[in-house]
1. Once fully extended, how much extra length lies between Gln52 and Gln8, figured as 0.36 nm per residue of separation less the alpha-carbon to alpha-carbon distance?
2. Working from Cα positions, state the angle (0 to 90°, nearest 10) between the long axis of helix 268-281 and the longest principal axis of the chain.
3. How large is ³J(HN,Hα), in whole Hz, for each residue of the range 310-323 in order, when computed from phi with the Karplus curve 6.51 cos²θ - 1.76 cosθ + 1.60 and θ = phi - 60°, using x for Gly and Pro?
4. Convert each backbone phi in the range 240-246 into a coupling constant with the Karplus relation 6.51 cos²θ - 1.76 cosθ + 1.60 (shift: θ = phi - 60°), then list the ³J(HN,Hα) values in order as whole Hz, x for Gly and Pro.
5. Find, among the trypsin sites (Lys or Arg not before Pro) in the range 198-292, those assigned to loop by DSSP (not H, G, I, E, B) with at most 11 other beta-carbon atoms within 10 angstrom.
6. Treating the beta-carbon of each Lys and Arg as +1 and of each Asp and Glu as -1, no other charges, what is the dipole magnitude of the range 155-241 about its Cα centre, to the nearest 20 debye?
7. Using only helices, what value at 222 nm comes out for the chain when you add -39,500 (n - 2.57) per DSSP H run of length 4 or more and divide by the total residues, to the nearest 500 deg cm²/dmol?
8. For the range 159-256, place one equal point scatterer on every Cα, skip the solvent, and apply the Debye formula. What is log10 of I(q)/I(0) at q = 0.13, 0.16, 0.18, 0.19 Å⁻¹?
Amino acid sequence: MSRARLEQDFERFKRALPCEFAAHVLEAYHVDLTASYLGVPLAHPIGKGSGQLSLNVGQLEGDREAGLAYVVLKTVIAQDEAGARSMAAWAIHETRMKVERRAAGGGAGWTVTWKGRGWDRSFADYLALVRAARTITAGGGMLVVPSAKYHLPRLDEPFRDDEYRYTTRCLAEAWGAPPLLLEVDFSPTLAGDSLSDDRAQVLRWMREVPGRIRAASPVSVRLAVKLMNARYDDAFQLEMMEACAGADALVCFNRLFDPERGVAYGGWELSDRNLRVLRAASDGRSARPPGRPPVIGTGNVCSGRMLLEYARRGCESVQVHTFFQLPLSEYPATHGSRTQRALHALVFDPHDGLVAGMLDMEEAGALSRRGGVLHFLDVVRSAD
Ligand SMILES: Cc1cc2nc3c(=O)[nH]c(=O)nc-3n(C[C@H](O)[C@H](O)[C@H](O)COP(=O)(O)O)c2cc1C
């Protein structure tokens, strides 16, 4: 009966997805999609990763109307009080993005080719966006969180604490009531930069950056660290995760870097690597070994099934970017914004959607009802 209803909902919602679709999923299928990001309960696990799709209030309003659980704002480059930015090379202006097919292992995926880096307008503009985000968050329904990249020294250099202090203080003021929720980005272009040639240097950043930010903040901070896909092997990814135990969540992992083309890329190679490393990171008994921060998935989340692959490796929610940028003809929905059409496919697709995937897990004996309800977070808590 649930399956027939799913087919019907999928067809019906092609024209209009209800914003409160998680409540509908609970009522219609007894499936609870409740998820989490930085300790904040979310109606469902689908968020938007930092990038070109979270640059202005219009984009945020559209995402709130579509029913997205949370959005991470574009990454701003830290500065000191005088406006000096040691990472200024990451604040370059570039508008052209190309959505391209990228074939690899798992099938024909998509990637966005773009030569830009961090936020390229003024810090004052960014703070205005954080204030607007605060109003949207306070209105309920969608959480919006800022993202920053701070000074990353070479091994023999000290951290520029003045950049950490000034940027964190301004973000905390714009954010409002503590705790400040913040994501820190270690980007693919950083992975490709000579700064990352030295493994010990990278591990020092992971060990020290969370503490630097906490020390720099006038209020308590809940910090998600978005780890890069370094140019080294899987074992190094695990070392980075371990070194980053001071974070409150780890976003795993930002895009791969193609040194020949000098660009970051995603698609199936990205999800293959991320899922492989996340699997290795679980200790075999639980997806989250004691002492390790909760993980959040990112990379080629292009179906509910892929979302569940991340959940089965411990991810409490996911951050999508590329799937919100596809040509309209790629979405089964016929009406609505790209965010709405993407959510429709991710949740309600009767074969590859999140609800279908959880019902399949139940049928296979991999997920059980509690009080008559299937819980997304039970997928996260169960060992892979
Ligand atoms: C054009 C573009 C710009 C991005 N900019 C940022 C950024 O500023 N900060 C960040 O943390 N991640 C950034 N990302 C990474 C995305 O948030 C996301 O983690 C990554 O693309 C993997 O997800 P996807 O496969 O769904 O695209 C960017 C991605 C793209 C495609």
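1. Stretched out fully, the Gln52 to Gln8 stretch lengthens by 12.4 nm.
2. 80 degrees
3. 5, 4, 5, 9, x, 7, 7, 6, 10, 10, 9, 10, 4, 5
4. Taking θ as phi minus 60°, the curve returns 4, 4, 5, 5, 9, 4, x Hz for the range 240-246.
5. Answer by residue number: Arg261, Arg285.
6. Roughly 400 debye for the range 155-241.
7. It lands at -11500 deg cm²/dmol.
8. -0.45, -0.67, -0.82, -0.90
Computed from the coordinates by the stated procedures, all read-outs in this text should not be read as laboratory data. Given the structure is predicted, the values throughout are model-derived calculations rather than measurements. With ideal geometry, Cβ positions are generated from the backbone for all residues, glycine too; neighbour counts draw on all protein chains shown.
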